[in-house]
Amino acid sequence: SSIGTISATALHHYPGLNCAIGLSVVTGGQITATYSWLCRPPSGLDRFDPGNTLIHGITARDVAGQPTFRQRLGNMLDVVGDLPLIAHNAAFDIGALREASAAESLSWPPLTYGCTLLWSRRQLPGLVNHKLPTVAAALGVDLLRHHDASADATAAAQIAVELIRRAGASSLDTYTNATGMMLGRARVEEVRPPRDTSTTGAPTWVSIATASALPPPSPDADPDHRLFGQTVVITGTLGHLSREEAWSQLAKYGARVNKTVTRRTSILVVGDWVDAAGRPQITEKQLHARRLRAAGQLLVFLDRYELDAMLAGDRTVIVPDLTTPSVIDAYALADDSVINSADRSDPRQQVRGLHYTAWRETVVQLKRDRRYDEALQLILECADVAEHPDNRTDGMLPWGWTENAAIVYRKQKDYAGEVAVLERWINTARTGGHHVDAHHPIALRLSKARALSTKSQQSHKQPN
């Protein structure tokens, strides 16, 4: 069923940085426009924390030539007008806008807003969590580039539309009236958050949570069917067949269905996926599957017509031979194609010819293969580059690679090595003028490593 005349704007923003704003405008149940803006953060809020940069990839260099937050806020408000805002974890996004606006002494008319995090907790109580990727996967929404502002805004918009549709509502107004999920209202000076005003217990549509549950392979499936035993993931839309219907058909023939591409995936069904302008898009599932296949995973791509043929009994479509295990080349998983060209070509940020962040998947696979010495060598090379003064964001010393090295040392029960690498990081940080208190993750791990080292030494002492 269609969504009447809903008109809303989905918002995503990076609090604390105030360097990216994404908007997706929804009209008549469809995304009609998407905007993505970078901006220079307000003075005092322009510290690019390494942890945040590692998540979203935006650096001070990326926004150096961009308009100010003040200008971008004006762009955003021009688009929003009097439309309500919808965001996933709206307190996070609205709080960021208020914080940055206050820093610039800006004000704006009251904004009405809702939160799909609250909505999904109410309507999808069976999920393991209600983070954006989890909710998107449960509702069949493709999250193309998580932590990209416009991609997250688009996903939040589609989640809002789907939750409203599943509730049987025809508009945002009828949805809030029927569910008691009241919208919030915010100004720079004050905020009244959205809330669930219902006191009648579980609503009638709670049963929709089961619609996104994955069906198990049928025990009555024909073991000779080509889909039997395959692990299948769907990305994009399949035209006449809904995702739930496709899952049901696949399970009927003995396939295991999954929502995400993993090392067990053997078939990725690629449907249609286009942006607001109708341009075909490549999803994150496709990109990840390509990397895995290039590294040696036995994985095939099927379009929706090939899927239809297989469901109808066609045995000519090629599928992986499940009797032959995949052999993954860990080093082939390295990929820096998503890194901006300036950083990718900077020799100061390279390890073995690639940007140092490209090696994360390789390290994971090496550890999975128990090739700990190789993993450790690669981690230490990446740590040297990531922690080099030229590559530190605002002078901060990143610690992720050092922690990874410590984890491998502990797996090898080399507690002395773990202590040494952690002490090196703390000494480097303090020499650089950074305060490292006892609650820092590296300090906490060091305390535990020292205790394990002492215990190990005592157990190896020979009796007198």
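None of the figures in this text is laboratory data; all of them are computed from the coordinates on show. As the structure is a prediction and not an experimental result, all values here were calculated from the model. Cβ coordinates were reconstructed from backbone atoms using ideal geometry, including for glycine residues, and neighbour counts include every protein chain displayed.
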Given backbone amide H placed at 1.01 Å from N, residues whose amide H is under 5 Å from that of GLY184, ignoring those fewer than 5 places away on the same chain, are TYR113, GLY114
Which whole-Hz ³J(HN,Hα) couplings does the range 350-359 yield from phi under the Karplus relation 6.51 cos²θ - 1.76 cosθ + 1.60, θ = phi - 60°, glycine and proline marked x? 9, 10, 6, x, 10, 4, 4, 6, 5, 8
Amide H partners (placed H, <5 Å) of VAL257, local residues excluded: VAL232
Inter-label distance, nm, simple model (7 Å from Cα along the C-beta direction), SER242/ASP173: 2.7 nm
Can you work out the Karplus-derived ³J(HN,Hα) for every residue in the range 119-129? Use 6.51 cos²θ - 1.76 cosθ + 1.60 with θ = phi - 60°, whole Hz, and x for glycine or proline. 4, 5, 4, 6, 8, 10, x, x, 6, 5, 7
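So if the hydrodynamic radius of the range 319-464 is defined as the Kirkwood radius over C-alpha pairs, what does Stokes-Einstein give as its diffusion coefficient at 25 °C and 0.890 mPa s, in µm² per second?
Roughly 143 µm²/s, to the nearest whole number.
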Highest mean first, what order results for 323-336, 407-420 on Cβ atoms within 10 Å? 407-420, 323-336
What distance in nm separates the simple spin-label points at GLU374 and HIS460, each placed 7 Å from Cα in the Cβ direction? 2.7 nm
In sequence order, what are the phi-derived ³J(HN,Hα) couplings for the range 322-336 according to the Karplus relation 6.51 cos²θ - 1.76 cosθ + 1.60 with θ = phi - 60°, rounded to whole Hz, with x for glycine and proline? 6, 7, 10, x, 6, 10, 8, 7, 4, 6, 6, 6, 5, 8, 10
Computed FRET value (nearest 0.05) for ALA312 with ARG264, which takes r as the C-beta separation and R₀ as 22 Å: 0.30
Under-5 Å amide H pairs with VAL269, H placed in peptide plane, nonlocal only: VAL233, ILE234, THR235, LEU302
Assuming R0 = 25 Å, what is the FRET efficiency of LEU322 and ARG290, from their Cβ-Cβ distance, to the nearest 0.05? 0.75
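Based on the Cβ-Cβ distance of LEU38 and ARG430, what FRET efficiency does E = 1/(1 + (r/R0)^6) give at R0 = 35 Å, to the nearest 0.05?
About 0.55, to the nearest 0.05.
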